[in-house]
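K.L.:
My structure is below; once you've seen it, I'll send some questions.
The values are calculated or read from the model by the stated rules, or taken from the named source; none is laboratory data. These numbers come from a predicted model, not from an experiment. When we count neighbours, we look across all protein chains shown, and the Cβ atoms used for this are built from the backbone with ideal geometry, even at glycine.
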Amino acid sequence: MRVFLTFALLPSLLSAQAAAENKDYTELDRIVAVVNDDVITASELRQRIDTITQQMRQQRAPLPPLPVLRKQVLERIIINRIQLQLAAANGIRVDDETLNQTIRRIAEQNNMTLGQFRGVIEEDGFSFARFRETMREEIIITRLRQRQVDSRISVSDQEVDNFLANQKIQGNANDEYRLGHILIALPEGASPGQIKAARKKAQQILDELRQGTDFVQEAMAVSDGQQALSGGDLGWRRAGELPTIFADVVRDMKTGDISDLIRSPSGFHIIKLMDHRNTDRRIVTQTRARHILIRTNDLTSDEQARALILELRERAAGGEDFAELARTYSDDKASAVDGGDLGWVEKGKMVPEFEQAMLTLQPGQLSEAVKTQFGWHLIEVVERRETDVTEEFTKNKVREQIYQRKVEEANINWLRKLRDESYVELRL
């Protein structure tokens, strides 16, 4: 049984055939890199290569040559190690209880108990103790990035309005693009010589791509981007989620097109438009409902609250004004002043028990007594409608797109700065 985990966590063992092919695996353990005051060993690198190799084989993805794979994986370990060192310096920790809850959620997502989940991990030849520590490291890095980068990003209403007003430039908010990406990186404060050399290398790669070289294989072999091992695949992204430097280029490209060189502070980029699609308008069913809530407390037992709701139901069904009953009896003071009116709501906005009861009612119909975490409810559906919420949905989507784009760009710059400011000695 296969467990679905993040890219870095899929447990695996390199096949005996592959181990025989790569003689490096018979060497004794040694230091392959020094990162500030820490080291990365050959066994650690080998273990990570084994994991990624097995995953790529399961996905039937083409494997790059071992020297290329080793270089890409080592760089990924270095970046992670630098982040973990910074997290430790900032006192970011993950306790065992938080770690256990996270692993329990992963098990539930795979429809397993924690015991079954552990069994699958160990059957695949992966130490569960090591799996736990890898998970802990991922959570730590996520918290570090949230503190150092994500929390400092904001999106103003003006930015959303500007994006929507310039859709012809930025691309329609409902357009989605799948891009391939190759980056030839430059260090921060690169010299003219370094820039010239990087540009020459990037141009040579671009020429080879336009002569028919496979983009995926080339990205695996030469790209300095974070998605290099995935063939440079950035996945599906809406127009607003694209890096700013790509947005103007992509709108003029057709599927299969390869861009000219794109210069940014991080280096020279080449992108390929792998695919393009447009999402539909968003029509939702909205329900306008009102309710009466009776909470349970030290003075009102659960049985008494339910009995009062049933009594109020009889009175409302007998012709008494629902709004007046809500004003008099409801413990939901926010809605009571409006006669219990909750306004227009769509699916997913209310707690499950309330929503399930509300959606089964026809306009003008009263519910039975409904219990939720808040107490006992009497619900009446006033009316129901189909509503086009594309504009509101689009604004929210654009806000999220802009935020994600800003976060990604900030993360790339932040990681590049961390890497440039760290002492790294390669000993491969």
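K.L.:
Take the stretch 97-109 and flag every residue that is surrounded by 16 or more Cβ atoms within 10 Å (Cβ to Cβ) and touching a residue at least 60 places away in the same chain (Cβ under 8 Å).
P.N.:
Ile106
K.L.:
Of Leu293, Leu359, Leu308, Leu312, which residue is in a strand (DSSP E or B), surrounded by 12 or more Cβ atoms within 10 Å (Cβ to Cβ) and not hydroxyl-bearing (Ser, Thr, Tyr)? So that I can check it myself, show each step before the final result.
P.N.:
On the way: Leu359 fails: in a strand (DSSP E or B); Leu308 fails: in a strand (DSSP E or B); Leu312 fails: in a strand (DSSP E or B).
Matching residue, one of Leu293, Leu359, Leu308, Leu312: Leu293.
K.L.:
Taking the criterion of being assigned to a strand (DSSP E or B), at pLDDT 95 or above, over 27 Å from the mean Cα position of the chain (by Cα) and not small (Gly, Ala, Ser), would at least one residue in the stretch 334-342 satisfy it? I'd like the intermediate steps shown before the answer.
P.N.:
As a first pass, look at the stretch 334-342 and keep what is assigned to a strand (DSSP E or B): 341-342.
Narrowing the set further to residues that are at pLDDT 95 or above leaves 341-342.
Adding the requirement that they be over 27 Å from the mean Cα position of the chain (by Cα) leaves 341-342.
Now drop any that are not not small (Gly, Ala, Ser), which leaves 341-342.
Yes, the stretch 334-342 contains at least one residue that is assigned to a strand (DSSP E or B), at pLDDT 95 or above, over 27 Å from the mean Cα position of the chain (by Cα) and not small (Gly, Ala, Ser).
K.L.:
Output the residue which, of all residues in the stretch 209-267 that are of a type in the set (S, T, N, Q) and part of a loop (DSSP other than H, G, I, E, B), is farthest from Val407 (Cα to Cα). Don't jump to the end; show me each part of the working.
P.N.:
The first filter runs over the stretch 209-267 and keeps only residues of a type in the set (S, T, N, Q), leaving 211, 213, 217, 223, 226-227, 230, 244, 255, 259, 264, 266.
Within this subset, residues satisfying the condition of being part of a loop (DSSP other than H, G, I, E, B) are 211, 213, 223, 226-227, 255, 259, 266.
Values: Gln211: 35, Thr213: 32, Ser223: 21, Gln226: 14, Gln227: 16, Thr255: 27, Ser259: 24, Ser266: 15 Å.
Taking the candidates together, the pick is Gln211.
K.L.:
When you check Ser367 against the structure, is it hydroxyl-bearing (Ser, Thr, Tyr), touching a helix residue (DSSP H, G or I) at 6+ places or on another chain (Cβ under 6 Å) and not assigned by TED's automatic domain parsing to the domain that holds Glu188, yes or no?
P.N.:
Taking the combined requirement at face value, the residue satisfies it.
K.L.:
Another question about this same structure. Hey, which of the helices (runs of 4 or more DSSP H) in the stretch 1-93, taking only ones fully inside, have at least 1 residues that are closer than 21 Å to Ser230 by Cβ and modelled with pLDDT of 95 or more? Spell out the reasoning first.
P.N.:
Numbers: elements: 16-21, 42-58, 66-89.
Qualifying helices (runs of 4 or more DSSP H): 66-89.
K.L.:
If Thr142 satisfies all but one of (1) in the same structural domain as Pro243 (by TED's automatic domain parsing); (2) β-branched (Val, Ile, Thr); (3) out of contact with any helix residue (DSSP H, G or I) (no Cβ under 7 Å at 6 or more places or on another chain), what's the number of the condition it fails?
P.N.:
The one condition Thr142 does not meet is (1).
K.L.:
Would you check which residues across the stretch 396-406 are farther than 16 Å from Asp175 by Cβ and either aliphatic (A, V, I, L, M) or in contact with a helix residue (DSSP H, G or I) (Cβ under 7 Å, 6 or more places away or on another chain) (or both) and list them? So that I can check it myself, show each step before the final result.
P.N.:
As a first pass, look at the stretch 396-406 and keep what is farther than 16 Å from Asp175 by Cβ: 396, 399, 403, 406.
The one that is farther than 16 Å from Asp175 by Cβ and either aliphatic (A, V, I, L, M) or in contact with a helix residue (DSSP H, G or I) (Cβ under 7 Å, 6 or more places away or on another chain) (or both): Arg399.
K.L.:
Mind checking which residues of the stretch 361-406 are more than 19 Å from Leu293 (Cβ to Cβ) and polar (S, T, N, Q)?
P.N.:
If the condition is that a residue be more than 19 Å from Leu293 (Cβ to Cβ) and polar (S, T, N, Q), then Gln362, Thr387, Thr390, Thr394, Asn396, Gln401, Gln404 are the ones that fit.
K.L.:
Just to check your reading of the model, which residue among Asp214, Asp280, Asp260 is modelled with pLDDT under 90 and surrounded by fewer than 18 Cβ atoms within 10 Å (Cβ to Cβ)? Spell out how you get there, then give the answer.
P.N.:
Details: Asp214 fails: modelled with pLDDT under 90; Asp260 fails: modelled with pLDDT under 90.
Being modelled with pLDDT under 90 and surrounded by fewer than 18 Cβ atoms within 10 Å (Cβ to Cβ) holds for just one of Asp214, Asp280, Asp260, which is Asp280.
K.L.:
Given the condition out of contact with any strand residue (DSSP E or B) (no Cβ under 9 Å at 6 or more places or on another chain), at positive phi and either assigned by TED's automatic domain parsing to the domain that holds Gly125 or surrounded by fewer than 17 Cβ atoms within 10 Å (Cβ to Cβ) (or both), answer yes or no: does some residue in the stretch 61-83 qualify?
P.N.:
No, the stretch 61-83 contains no residue that is out of contact with any strand residue (DSSP E or B) (no Cβ under 9 Å at 6 or more places or on another chain), at positive phi and either assigned by TED's automatic domain parsing to the domain that holds Gly125 or surrounded by fewer than 17 Cβ atoms within 10 Å (Cβ to Cβ) (or both).
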